[in-house]
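Below is one structure, written out as structure tokens, with a few remarks after it.
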Amino acid sequence: MLGLMQNQPLLISSLIEFAERHHGDAEIVSRRVEGDLHRYTYKDVAYRSRQVARALDGLKLAFSDRVATLAWNGYRHLELYYGVSGSGRVLHTINPRLHPDQIGWIANHAEDQVLCFDLSFLPLVQAVHGKCTTIKHYIALCDADKLPADSGIPNLQSYESWIGAQASDYAWPQFDENTASSMCYTSGTTGHPKAALYSHRSTLLHAYAAALPDVMCLSARDSILPVVPMFHVNAWGIPYSAALTGAKLVFPGPAMDGKSVYELIEAEKVTYAAGVPTVWQMMLGHMKPAGLKFSTLRRTVIGGSACPPAMIAAFNDDYGVEVLHAWGMTEMSPLGTLCTLKNKHLAMPKDEQMKIRLKQGRAIYGVDMKIVGEDGREIAWDGKAYGDLHVKGPWIIAEYFKGEGGNPLVDGWFPTGDVATIDPDGYMQITDRSKDVIKSGGEWISSIDIENIAVAHPAVAMAACIGVKHPKWDERPILAVVKKPGAEVTREELIKFYEGKTAKWQIPDDVVFVDAIPLGATGKMLKTRLREMLKDYKLPGV
Ligand code: ADP
């Protein structure tokens, strides 16, 4: 017997219809490429997304055709989120920090038909358009009078004249909720990138889950600043969850330096922010010397790479902001776990609570996880034994776009490539990415643990730990360090700093001072590049 409830497909268009009807006057504020602040409401987003849908019909784009973006976080990008997916096409957000050759490669692989880009990326588009064989239309996200003349880009028009010519009445089509809605390529530090292809259903389930109190805890009373880019796994789903809750959205545009982000938080009474640790490092670096405080910010979700304890402590103790440590990946839409305390932890002393907050957190309903050993058998949740982390759930990929790489699943579970422990309360802690873990004398050393200790040193701005070959121990850890401007610290002082903080055999054998640690397209440390940089390095005494 079937249930007798209405069978409505879960479609992305329903989010913007809901926001328009029930939160029509909630604000969307965007810093534009032009430098000024633009403000309007969900009602306007809905109106203009319908114009986008009509404009795509006008280009004769078929159902499931791909529309690419090279754009910052901003209102026009949001309209594309809804107009493209809502009308049954697939939004392909491209990371502009990728190498131009890689951008050309993925645009062809995705068979993008249209490319919409912010004017900051004009030189990039000029460099790659000749390589993009499937793109027929180029749309610059600007007013008609800002459209560059003689750009050399074929079929280029301004977004405002493109959608401005359209009427705003449009009935969002109804279709199978399993239809593809958007796609995102993984950074592909080795080999060609592969794409996760999200569906309307996976996106909506993820949007519901992300808003839950023990997840991002979003509401109509929030003013949300996603510093995490809309080209980085759909800004962790915030553009969808914000519409679902009616929260105000604040977009930083291209201005993601510490000063600009801080000023936007204050000016727009932001209560909730989201980003990778490197962004917050820059903001705290701006605030501390100037003695600045937050007047409205209450919570910040930090993920994408491990959040150092010193950062959690600074937010909490110096600024009264709760850090929600989150873990996920492109293949997971991206949320997998988020760290909030359980009732029984509330009476614990602060340092005990801190040990929990440092973990990547508990699984969200909709994500199941397990750790497995080399024999593929599940490992007990004792908080000590570590293994390969596998996940499954309705917003986790079943296969990559075009079946690249074959079947990624093992017995129905997706192997994340991360190594983790899970404690008896279900809190997962990433020890390392499997390719970054350091194997010394048959034991594993977590590069994350070693980096976390280093960044707690007042002279250290950034630190990366990698393993180098050793004749006896197989690998030994060394630390690459970027010093804070004007700060001084020696190799010996840093090595001494580890004493009493970790087991002796885990202390790095050497410290190498570098000007910068290479960062990948999503702001994470690129250890592959760092290993290349240090390929001629020799361990002392070996
Ligand atoms: P990539 O960096 O490969 O493009 P993602 O952006 O999807 O891919 O990153 C996913 C990976 O980032 C995870 O598998 C994990 O290694 C790392 N990661 C994400 N969040 C955290 C976190 N909170 N702590 C430690 N590592 C994290």
Original post:
Which of the peptides 317-323, 468-474 is most tightly packed, and how do the rest follow, going by the mean number of other Cβ atoms within 10 Å of each residue?
Top reply: 317-323, 468-474
Original post:
What FRET efficiency do you get for ASP36 and GLU488 if R0 is 35 Å and r is their Cβ-Cβ distance, rounded to the nearest 0.05?
Top reply: 0.25
**OP:** Report, by chain and number, residues whose modeled amide H sits under 5 Å from the one on VAL90, excluding near sequence neighbours (fewer than 5 apart, same chain).
**Re:** SER64, ASP65, ARG66, VAL67
Original post:
Going down the list LYS342/LYS439; LYS384/LYS504; LYS483/LYS535; LYS43/LYS293; LYS259/LYS483; LYS344/LYS384, which pairs span over 24 Å between their C-alpha atoms?
Top reply: LYS342/LYS439; LYS43/LYS293
Original post:
With each label point set 7 Å from Cα along the Cα-Cβ vector, what nm distance links TYR365 and MET1?
Top reply: 2.4
**OP:** Kindly list the residues of the stretch 197-215 that lie in the label zone of LYS402, defined by a backbone N under 18 Å from the point 7 Å along the Cα-to-C-beta vector.
**Re:** 197-198
Subject >> DSSP beta bridges in the stretch 1-159 [antiparallel fraction, %, rounded to 5] >> reply: 25
Original post:
Could you work out Rg/(2.2 N^0.38 Å) for the stretch 1-150, with Rg from alpha carbons only?
Top reply: 1.14
Original post:
How much FRET efficiency would the formula 1/(1 + (r/R0)^6) give for PHE63 and GLU532, where r is the Cβ-Cβ distance and R0 is 51 Å, rounded to 0.05?
Top reply: 0.70
**OP:** Pop out the ³J(HN,Hα) list for the stretch 92-97 in order, Karplus 6.51 cos²θ - 1.76 cosθ + 1.60 with θ = phi - 60°, rounded to Hz; leave Gly and Pro as x.
**Re:** 10, 7, 9, 7, x, 7
Original post:
In nm, what is the difference between 0.36 nm times the number of residues separating MET354 and ALA267 and their Cα-Cα distance?
Top reply: 28.2 nm
Subject >> DSSP bridge pairs, the chain: antiparallel proportion in percent, nearest 5 >> reply: 55
Original post:
Hey, what number do you get for the chain at 222 nm if only DSSP H runs of n ≥ 4 count, each worth -39500 (n - 2.57), divided across all residues, to the nearest 500?
Top reply: -8000 deg cm²/dmol
Subject >> Residues LYS43 and LYS288, FRET efficiency given R0 of 45 Å [Cβ-Cβ distance, rounded to 0.05] >> reply: 0.65
Subject >> Karplus-derived HN-Hα couplings along the stretch 495-502 (A = 6.51, B = -1.76, C = 1.60, θ = phi - 60°), whole Hz, x at Gly and Pro >> reply: 5, 5, 4, 6, 4, x, 9, 8
Original post:
Going highest first, how would you order 93-102, 267-276, 408-417 by mean Cβ packing within 10 Å?
Top reply: 267-276, 93-102, 408-417
Subject >> Under the Karplus curve 6.51 cos²θ - 1.76 cosθ + 1.60, θ = phi - 60°, whole-Hz ³J(HN,Hα) for the stretch 241-249, x wherever Gly or Pro sits >> reply: 5, 5, 5, 5, 9, x, 6, 5, 10
Subject >> Accessible surface of the chain, 1.4 Å probe, proportion on carbon and sulfur as whole % >> reply: 53
**OP:** Please work out the average accessible area per residue across the chain, using the 1.4 Å probe convention, and give it in Å².
**Re:** 42
Original post:
Peptides 305-314, 506-515: what's the order by average Cβ count within 10 Å, highest mean first?
Top reply: 305-314, 506-515
Original post:
What spacing in nm lies between the two simple spin-label points modelled at ASP150 and ALA516, each 7 Å away from Cα in the Cβ direction?
Top reply: 3.2
**OP:** Compute the length gained on full extension between ASN316 and GLN174: take 0.36 nm times their separation in residues and subtract their Cα-Cα distance, giving the result in nm to one decimal.
**Re:** 46.6 nm
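The values are calculated or read from the model by the stated rules, or taken from the named source; none is laboratory data. Please read all numbers here as calculations on a predicted model, not as lab measurements. Positions of Cβ are generated from backbone atoms using ideal geometry, with glycine treated the same way; all protein chains shown enter the neighbour counts. Heavy atoms of the whole protein, side chains included, go into the accessibility calculation; ligands, DNA and RNA do not. Shrake-Rupley method; radii C 1.70, N 1.55, O 1.52, S 1.80 Å.
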